[in-house]
Amino acid sequence: MKTELLPVDDFSLKKAEELLRSGQVVAFPTETVYGLGAWAFSAEGIDRVYEAKGRPSDNPLIVHVAPGMDLSKIVTEIPEKARILMERYWPGPLTIILPKTEDVPLRVTGGLSTVAVRMPSHPAAMKLIGSTGLPIVAPSANTSGRPSPTSAQHVLEDLRGKIPLILDGGKCQVGLESTIVDLTEEVPMILRPGAITLAMLEEAVGEVDVDPAVRAAVGIQSDLVPKAPGMKYRHYAPKGYLILTDEGPDQIADWIRQDLAGKEQKIGLIGSDEWIRKVENSLGPVRITAVSLGSAMDEIARKLFDGLRKTDEEGLEKIYGEAFQRKDLGEAIMNRFLKAASERRISEQTKQ
Ligand code: TXA
Ligand code: MG
């Protein structure tokens with residue numbers, strides 16, 4: 001199959017609509033990451049999404065909606081707290097889990113009685129969903145296990161030849177997938193951290209829990225089954241051996257010298273500008289490849305998945321990554337970064 005890459009305009013949107021209505025898939029930009037869309041009521045389209053991504057079928061999909069769309073076809077009820085969150089943070093990077101109606105196919109929800117709903121704020125996504133009036137299921141448009149795509153080029157890398165159309169809307173603003181909040185219980189629960197942080201949710205609706213499995217991702221507990229099925233899968237991993245650390249630059253420089261003395265291998269760094277500069281200073285004349293994620297936390301979030309892909313392009317075999325503070329946006333960044341590192345981490349506190 002030939003994969004077309006088109007800018008977002010009336011022509012490409014029309015083409016996307018025709019494809020979606022006929023049970024095909026289309027990749028499109030959202031403010032978080034690129035999605036691989038299918039019409040939520042097309043069994044064929046849904047099957048194609050799983051197939052193109054190589055995704056396990058027990059991993060449910062998020063239904064994307066647009067302003068003004070009738071949600072009563074998708075969810076049986078919208079409790080007060082859900083309504084408040086929708087008003088405050090939609091359109092935006094927040095996914096809400098609610099009980100599903102009978103209309104929503106079980107293929108979408110992986111057999112669950114709940115459904116995940118999100119209203120993206122990216123103009124292209126809003127246009128595509130709004131102008132067609134079609135609710136669209138969309139997982140991140142990467143091959144299962146790879147870093148989520150934050151540019152049309154990333155989608156092309158993973159899905160070229162497997163899907164007919166990619167709408168190119170440039171780079172994604174947020175860069176990490178949406179926050180997922182379960183609103184089927186009295187106290188809302190975060191199932192996946194994202195740019196809408198715990199503090200932002202609490203500010204709107206009071207007490208909010210975090211699925212203990214989210215924190216298990218940093219190795220405090222490990223036998224917990226996450227409530228969002230997708231969170232249990234290995235994710236984002238680069239080809240090189242990535243290990244995160246909050247040790248100081250001199251210690252990291254020592255490790256790198258040892259690595260290089262032992263055998264010939266391509267060692268690299270991934271982290272903030274400042275951290276890279278410090279490690280490079282400690283290394284002195286030794287030159288290694290560095291992938292910079294910028295400086296502010298929102299910039300680091302935006303560049304993380306692209307940075308992980310770059311470590312592959314550079315052919316890095318062993319990569320030291322900066323362990324960020326797990327606070328606010330740092331929670332979401334570290335959730336993804338630690339998965340990419342298969343939880344490998346050397347910490348000043350634990351010396352693990
Ligand atoms: O930002 C995003 O959310 C992106 C863009 C494209 O919108 N989409 C995305 O989809 O990240 P995906 O499929 O890569 O991740 C969806 C996550 C999975 O971990 C899945 O298990 C979880 O949402 N999920 C979906 N429906 C659920 C449900 N009913 N209950 C619990 N978790 C659910
Ligand atoms: Mg994904």
Seminar exercise, completed: Screening GLY68, GLY145 for residues that are out of contact with any Asp or Glu (no Cβ under 7 Å at 6 or more places or on another chain), away from ligand 1 (no atom under 15 Å from the Cβ), of a type outside the set (Val, Ile, Thr) and touching a residue at least 40 places away in the same chain (Cβ under 8 Å) leaves only GLY68
For this session: Give the residues of segment 164-191 that are in a strand (DSSP E or B) and either of a type in the set (A, V, I, L, M) or within 11 Å of ligand 1 (Cβ to nearest atom) (or both), sorted by residue number.
Result: LEU165, ILE166, LEU167, THR179, ILE180, VAL181, ASP182, MET189, ILE190, LEU191
Exercise. GLY23 versus (1) of a type outside the set (A, V, I, L, M, F, W, C); (2) open to solvent by 30 Å² or more (accessible area, probe 1.4 Å); (3) away from ligand 1 (no atom under 16 Å from the Cβ): which is the lone unmet condition?
Worked result: (2)
Exercise. Mind checking which residues of segment 94-128 are open to solvent by 20 Å² or more (accessible area, probe 1.4 Å) and more than 18 Å from ASP58 (Cβ to Cβ)?
Worked result: PRO99, GLU102, ASP103, MET119, SER121, HIS122, PRO123, MET126, LYS127
For this session: Please state which one of LEU13, LEU6 is part of a strand (DSSP E or B) and either away from ligand 1 (no atom under 16 Å from the Cβ) or modelled with pLDDT under 95 (or both).
Result: LEU6
For this session: Check SER272, SER342 and return the single one that is farther than 19 Å from THR150 by Cα and among the small types (Gly, Ala, Ser).
Result: SER342
Exercise. Which one is farthest from the chain's Cα centre (by Cα), of the residues in segment 70-93 that are open to solvent by 40 Å² or more (accessible area, probe 1.4 Å) and β-branched (Val, Ile, Thr)?
Worked result: THR76
For this session: Would you check which residues across segment 146-195 are more than 16 Å from ligand 2 (Cβ to nearest atom), within 25 Å of PRO99 (Cβ to Cβ), of a type in the set (A, V, I, L, M, F, W, C) and surrounded by fewer than 24 Cβ atoms within 10 Å (Cβ to Cβ) and list them?
Result: VAL187, MET189, ILE190
Exercise. Quick one: VAL155 ticks every box in (1) in a helix (DSSP H, G or I); (2) more than 21 Å from ARG336 (Cβ to Cβ); (3) touching a Leu at 6+ places or on another chain (Cβ under 9 Å) bar one, so which box is it?
Worked result: (2)
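Right, PRO139: under 25 Å from SER12 (Cα atoms), away from ligand 1 (no atom under 12 Å from the Cβ) and either open to solvent by less than 30 Å² (accessible area, probe 1.4 Å) or free of Cβ contacts under 8 Å to residues at least 40 places away in the same chain (or both) or not? Give the steps one after another, and end with the answer.
Working: under 25 Å from SER12 (Cα atoms): yes; away from ligand 1 (no atom under 12 Å from the Cβ): no; either open to solvent by less than 30 Å² (accessible area, probe 1.4 Å) or free of Cβ contacts under 8 Å to residues at least 40 places away in the same chain (or both): yes.
No, not satisfied.
Can you find even one residue in segment 58-69 that is assigned to a helix (DSSP H, G or I) and surrounded by fewer than 23 Cβ atoms within 10 Å (Cβ to Cβ)? Talk me through it step by step, then tell me what you get.
Taking segment 58-69 as the starting set, the residues that turn out to be assigned to a helix (DSSP H, G or I) are none.
So far as segment 58-69 goes, no, none of its residues is assigned to a helix (DSSP H, G or I) and surrounded by fewer than 23 Cβ atoms within 10 Å (Cβ to Cβ).
The values are calculated or read from the model by the stated rules, or taken from the named source; none is laboratory data. Fair warning: this is a prediction, and the values are worked out from it, not measured in the lab. Virtual Cβ from ideal backbone geometry, glycine too; neighbours counted across all protein chains shown. Ligands, DNA and RNA are excluded from the accessible area calculation, which covers all protein heavy atoms including side chains. Shrake-Rupley method; radii C 1.70, N 1.55, O 1.52, S 1.80 Å.
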